[in-house]
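Notes follow the structure.
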Amino acid sequence: MFSTIFLTLHSKVSPAEVVYQEANGLLNTGKYLDAIEKYTEAIKLDSRHLEAYANRGLSYTSIPDFFRATNADGELIDPDQPAWDLAIDDFTVAIELDQKRQHPEIALLFMNRGFAYGNFNKPEESLADYNTAIQIRPDFAEAYCNRALLHYKQDRFDLAEADFQKVLELSPSAQAGEMARDMLEKLSEMTQQSSTETITLDESISLDSPQTLTIEPTDDADSRSISTSIDEENKS
C-alpha cells in the first residue's frame, strides 16, 4: 500500500490527505469496501491523488471473492464492471498521473496492474506491465516471480525457469524466493519426464490469489516495509 509521508509543522494537512489516511487504516484492517468508499471520497477532494487511486485499486483486488465488488448487502457495486477491471482503471489513472515515472513506487504500480491484468485474462497486457516494472527496477524480485508464474501458466517453461532463477538470485530467503524454489523443483520434475509423455499443467499453481506487494505504514515515519500478500491457504 502507498503511504504518503507528510510534514505538518507549518502547514495544515489537506482534507483529502486526512481522508486518505483514514482509508489506509481501513485497508490495513481488511475493511476493503469501507476503504474503497474513503478512497473515493479522497479522490473527490483531490482528483490528482495518485496514492488514493493506487490503494483503491489494491482494495478492489483484495475483496475476498474479488471477481465482482459487492456492498454489505451482497449487491454488485457496478454490475457491468468486474472488480479486476475497476482495479485496472485505478492503477492506470495512478500511472498516468506520473508520466515521468518519478514516484518511488511506480514499479510497484506497474506490477500491481500487471497482476490485475493477469487475473482479468489479459496475459499480453500483464506481461507488458511486468516487463516495465522490471525495467524500472531491475532488482524487483516479486515482479520477476509474478512474471515467471505468468510464463508458467502460458506454458513458456524456459522463460519461467529463467525468471525463477533470477528470483533466487535476488531474494533467496524471502517469500518470493520460497515460491521460486518450489516452482523450480516442479519444473525440474517435468523435464525428467519422458519426451513422449504429455506435460500437464499443474492447475494448483494459480495467479488467482494476490501476490502483489503492499507498502505498509510503519511506526518509523521515515521508513517503509514491503511485504507480499500471498494468500496463506494457497501458500500451504
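Read the figures in this text as sums done on the coordinates, not as results from a lab. Quick caveat, the model's predicted, so the values are computed rather than measured. Quick reminder, even Gly has a Cβ in these numbers, built from the backbone with ideal geometry, and neighbours come from all protein chains shown.
Peptides 31-37, 93-99, 114-120 ranked from most to least packed, by the mean per-residue count of other Cβ atoms within 10 Å: 114-120, 31-37, 93-99. Summing charges over all other residues whose Cβ lies under 11 Å from the Cβ of residue 20, with Lys and Arg as +1 and Asp and Glu as -1, gives -3.
Between residue 169 and residue 131, take the C-beta separation as r, use R0 = 22 Å, and let me know the FRET efficiency to the nearest 0.05. Walk me through the intermediate numbers first.
On the way: r = 18 Å, r/R0 = 0.82.
Efficiency at R0 = 22 Å is approximately 0.75.
Rounded, prolate or oblate, given the Cα gyration tensor of the stretch 84-166, with a/c below 1.5 counting as rounded?
oblate
Label sites at residue 45 and residue 155, each approximated as a point 7 angstrom past Cα along Cα to Cβ, lie 5.2 nm apart.
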